[in-house]
1. What number of residues in the stretch 28-53 are among the small types (Gly, Ala, Ser) and under 24 Å from ALA117 (Cβ atoms)?
2. Take the conditions surrounded by 18 or more Cβ atoms within 10 Å (Cβ to Cβ) and farther than 17 Å from VAL168 by Cβ and apply them to PRO93. Does it pass?
3. Among the numbered criteria (1) surrounded by fewer than 16 Cβ atoms within 10 Å (Cβ to Cβ); (2) farther than 19 Å from SER162 by Cα, which one does ALA86 miss?
4. I'm trying to understand the selection: among the residues of the stretch 101-119, which are crowded, with 21+ Cβ neighbours inside 10 Å and either modelled with pLDDT of 90 or more or on the phi > 0 side of the Ramachandran plot (or both)?
5. Quick one: which helices (runs of 4 or more DSSP H) sit completely within the stretch 12-104 and have at least 2 residues that are touching a strand residue (DSSP E or B) at 6+ places or on another chain (Cβ under 9 Å) and farther than 21 Å from ALA122 by Cα?
6. Can you tell me which residues in the stretch 137-153 are among the aromatic types (Phe, Trp, Tyr) and either more than 27 Å from the chain's Cα centre (by Cα) or at pLDDT below 90 (or both)?
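The values are calculated or read from the model by the stated rules, or taken from the named source; none is laboratory data. Given the structure is predicted, the values throughout are model-derived calculations rather than measurements. Positions of Cβ are generated from backbone atoms using ideal geometry, with glycine treated the same way; all protein chains shown enter the neighbour counts.
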Amino acid sequence: MSALSSQEPSPKRRIGAEKSETRALIVDVTEQVIREEGYAAASTRRVALRAGLNPSLVHYYFPSTDDLLLAVFERGAAQSDAMIAAALASNEPVRALWQFFRDDSRTALSVEFIALAIRRPAIREQISAHASAMRAQQIALFERVLGERLAQATGCSPAGLSVILAGVGRALFMEAALGVTSGHDEAIQCVEKWLDALIPSP
(Lines give C-alpha, C1' and ligand atoms only; values in the text may rest on other atoms or scores of the structure.)
Protein backbone atom coordinates (compact mmCIF):
# COMPACT_ATOMS: atom_id res chain seq x y z
CA MET A 1 0.00 0.00 0.00
CA SER A 2 1.34 3.40 -0.90
CA ALA A 3 1.96 5.92 1.87
CA LEU A 4 0.05 8.37 -0.30
CA SER A 5 -3.10 6.26 -0.27
CA SER A 6 -6.28 8.30 0.13
CA GLN A 7 -7.78 5.67 2.41
CA GLU A 8 -9.09 7.39 5.53
CA PRO A 9 -8.22 6.30 9.06
CA SER A 10 -10.59 4.07 11.01
CA PRO A 11 -11.51 6.38 13.92
CA LYS A 12 -13.24 3.80 16.10
CA ARG A 13 -11.53 0.67 14.89
CA ARG A 14 -8.29 -0.23 16.64
CA ILE A 15 -7.05 -3.67 15.63
CA GLY A 16 -4.69 -5.73 17.78
CA ALA A 17 -3.75 -5.20 21.40
CA GLU A 18 -2.91 -1.58 22.21
CA LYS A 19 0.13 -2.64 24.28
CA SER A 20 1.29 -5.37 21.93
CA GLU A 21 5.07 -5.53 21.44
CA THR A 22 4.49 -6.09 17.73
CA ARG A 23 2.33 -2.98 17.48
CA ALA A 24 4.98 -0.96 19.34
CA LEU A 25 7.66 -2.28 16.97
CA ILE A 26 5.62 -1.24 13.93
CA VAL A 27 5.16 2.27 15.34
CA ASP A 28 8.88 2.49 16.22
CA VAL A 29 9.95 1.48 12.72
CA THR A 30 7.43 3.81 11.08
CA GLU A 31 8.81 6.72 13.08
CA GLN A 32 12.35 5.79 12.03
CA VAL A 33 11.31 5.76 8.36
CA ILE A 34 9.58 9.14 8.71
CA ARG A 35 12.63 10.68 10.38
CA GLU A 36 15.07 9.28 7.82
CA GLU A 37 13.07 9.47 4.60
CA GLY A 38 9.93 11.50 5.24
CA TYR A 39 6.33 10.46 5.84
CA ALA A 40 5.74 9.70 2.14
CA ALA A 41 8.20 6.80 2.40
CA ALA A 42 6.29 5.15 5.25
CA SER A 43 4.38 2.61 3.19
CA THR A 44 3.09 -0.59 4.74
CA ARG A 45 5.50 -2.62 2.63
CA ARG A 46 8.52 -0.48 3.58
CA VAL A 47 7.66 -0.61 7.27
CA ALA A 48 7.08 -4.37 7.17
CA LEU A 49 10.43 -4.93 5.43
CA ARG A 50 12.32 -2.76 7.95
CA ALA A 51 10.58 -4.46 10.88
CA GLY A 52 11.10 -7.97 9.50
CA LEU A 53 7.35 -8.61 9.45
CA ASN A 54 4.81 -9.79 6.92
CA PRO A 55 2.88 -6.83 5.43
CA SER A 56 -0.38 -8.56 6.37
CA LEU A 57 0.60 -8.29 10.04
CA VAL A 58 1.06 -4.54 9.69
CA HIS A 59 -2.43 -4.41 8.13
CA TYR A 60 -3.77 -6.42 11.06
CA TYR A 61 -2.77 -3.66 13.47
CA PHE A 62 -3.25 -0.73 11.09
CA PRO A 63 -5.92 -1.24 8.39
CA SER A 64 -4.88 1.90 6.51
CA THR A 65 -1.70 3.91 6.06
CA ASP A 66 -3.40 6.85 7.74
CA ASP A 67 -4.07 4.67 10.80
CA LEU A 68 -0.36 3.89 10.94
CA LEU A 69 0.73 7.51 10.53
CA LEU A 70 -1.77 8.66 13.13
CA ALA A 71 -0.42 6.12 15.61
CA VAL A 72 3.04 7.66 15.23
CA PHE A 73 1.58 11.14 15.59
CA GLU A 74 -0.46 10.24 18.67
CA ARG A 75 2.56 8.75 20.43
CA GLY A 76 4.70 11.77 19.56
CA ALA A 77 1.92 14.11 20.70
CA ALA A 78 1.70 12.31 24.04
CA GLN A 79 5.47 12.63 24.48
CA SER A 80 5.34 16.33 23.60
CA ASP A 81 2.46 16.85 26.04
CA ALA A 82 4.53 15.26 28.81
CA MET A 83 7.54 17.47 27.97
CA ILE A 84 5.39 20.60 27.97
CA ALA A 85 3.78 19.58 31.27
CA ALA A 86 7.28 19.23 32.76
CA ALA A 87 8.22 22.65 31.36
CA LEU A 88 5.11 24.26 32.80
CA ALA A 89 5.84 22.75 36.21
CA SER A 90 9.48 23.90 36.26
CA ASN A 91 10.83 26.88 38.17
CA GLU A 92 11.39 28.76 34.90
CA PRO A 93 8.56 27.60 32.64
CA VAL A 94 9.00 30.20 29.88
CA ARG A 95 12.68 29.38 29.40
CA ALA A 96 11.90 25.65 29.63
CA LEU A 97 9.30 26.07 26.90
CA TRP A 98 11.84 27.87 24.71
CA GLN A 99 14.22 24.91 25.15
CA PHE A 100 11.37 22.59 24.14
CA PHE A 101 10.92 24.54 20.90
CA ARG A 102 14.65 24.21 20.22
CA ASP A 103 14.59 20.41 20.64
CA ASP A 104 15.58 19.13 17.19
CA SER A 105 14.42 15.59 17.94
CA ARG A 106 10.82 16.79 18.34
CA THR A 107 10.96 19.47 15.65
CA ALA A 108 12.05 16.98 12.97
CA LEU A 109 8.92 14.90 13.48
CA SER A 110 6.74 17.99 13.87
CA VAL A 111 7.80 19.34 10.48
CA GLU A 112 6.92 16.03 8.81
CA PHE A 113 3.46 16.04 10.36
CA ILE A 114 2.86 19.64 9.33
CA ALA A 115 3.57 18.57 5.74
CA LEU A 116 1.32 15.53 6.23
CA ALA A 117 -1.54 17.67 7.57
CA ILE A 118 -1.33 19.98 4.55
CA ARG A 119 -1.63 17.08 2.11
CA ARG A 120 -3.94 14.70 4.00
CA PRO A 121 -7.28 16.30 4.92
CA ALA A 122 -8.42 13.03 6.50
CA ILE A 123 -6.06 13.48 9.45
CA ARG A 124 -5.49 17.24 9.36
CA GLU A 125 -8.23 17.86 11.92
CA GLN A 126 -6.57 15.72 14.60
CA ILE A 127 -3.14 17.27 14.07
CA SER A 128 -4.64 20.76 14.04
CA ALA A 129 -6.64 20.10 17.22
CA HIS A 130 -3.50 19.04 19.09
CA ALA A 131 -1.53 22.06 17.85
CA SER A 132 -4.35 24.38 18.93
CA ALA A 133 -4.49 22.79 22.39
CA MET A 134 -0.73 23.25 22.79
CA ARG A 135 -1.00 26.89 21.73
CA ALA A 136 -3.77 27.49 24.29
CA GLN A 137 -1.57 26.02 27.06
CA GLN A 138 1.31 28.27 26.10
CA ILE A 139 -0.86 31.39 25.98
CA ALA A 140 -2.24 30.61 29.44
CA LEU A 141 1.31 30.18 30.76
CA PHE A 142 2.52 33.50 29.33
CA GLU A 143 -0.53 35.30 30.69
CA ARG A 144 0.09 33.83 34.15
CA VAL A 145 3.87 34.31 34.30
CA LEU A 146 4.35 37.51 32.32
CA GLY A 147 1.02 39.28 32.66
CA GLU A 148 0.94 42.88 31.46
CA ARG A 149 4.74 43.07 31.57
CA LEU A 150 4.92 41.33 28.19
CA ALA A 151 2.83 43.95 26.37
CA GLN A 152 4.45 46.85 28.23
CA ALA A 153 8.00 45.71 27.48
CA THR A 154 7.56 44.39 23.95
CA GLY A 155 4.13 45.29 22.62
CA CYS A 156 3.68 41.56 22.02
CA SER A 157 0.68 39.48 23.11
CA PRO A 158 0.94 36.02 24.74
CA ALA A 159 -0.33 34.44 21.52
CA GLY A 160 2.26 36.36 19.52
CA LEU A 161 5.07 35.24 21.82
CA SER A 162 3.97 31.62 21.44
CA VAL A 163 4.12 31.89 17.65
CA ILE A 164 7.51 33.63 17.73
CA LEU A 165 9.19 31.06 19.99
CA ALA A 166 7.77 28.10 18.08
CA GLY A 167 8.52 29.70 14.72
CA VAL A 168 12.13 30.53 15.56
CA GLY A 169 12.74 27.01 16.85
CA ARG A 170 11.24 25.49 13.70
CA ALA A 171 13.15 27.84 11.39
CA LEU A 172 16.46 27.00 13.08
CA PHE A 173 15.85 23.29 12.51
CA MET A 174 14.71 23.61 8.90
CA GLU A 175 17.61 25.84 7.87
CA ALA A 176 20.16 23.69 9.69
CA ALA A 177 18.80 20.66 7.80
CA LEU A 178 19.70 22.52 4.59
CA GLY A 179 23.15 23.35 5.91
CA VAL A 180 22.26 27.02 6.46
CA THR A 181 23.29 28.21 9.92
CA SER A 182 24.25 31.84 9.29
CA GLY A 183 22.60 34.05 11.88
CA HIS A 184 21.41 31.16 14.04
CA ASP A 185 23.59 31.97 17.05
CA GLU A 186 22.55 35.61 16.82
CA ALA A 187 18.86 34.68 16.61
CA ILE A 188 19.17 32.47 19.69
CA GLN A 189 20.96 35.26 21.55
CA CYS A 190 18.23 37.73 20.58
CA VAL A 191 15.48 35.49 21.92
CA GLU A 192 17.37 34.70 25.12
CA LYS A 193 18.20 38.37 25.79
CA TRP A 194 14.55 39.17 25.20
CA LEU A 195 13.53 36.52 27.73
CA ASP A 196 16.18 37.73 30.18
CA ALA A 197 14.68 41.22 30.02
CA LEU A 198 11.19 39.84 30.58
CA ILE A 199 12.12 37.34 33.28
CA PRO A 200 15.29 38.26 35.19
CA SER A 201 17.11 35.22 36.53
CA PRO A 202 16.48 34.62 40.25
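1. Taking the stretch 28-53 and keeping what is among the small types (Gly, Ala, Ser), we get 38, 40-43, 48, 51-52.
Filter once more, keeping what is under 24 Å from ALA117 (Cβ atoms): 38, 40-43.
Qualifying residue count for the region: 5.
2. For PRO93, the condition - surrounded by 18 or more Cβ atoms within 10 Å (Cβ to Cβ) and farther than 17 Å from VAL168 by Cβ - is met.
3. (2)
4. PHE101, GLU112, PHE113, LEU116
5. Details: elements: 21-37, 44-51, 55-61, 65-88, 93-101.
Qualifying helices (runs of 4 or more DSSP H): none found.
6. So in the stretch 137-153, the residues among the aromatic types (Phe, Trp, Tyr) come out as 142.
Correct list: empty.
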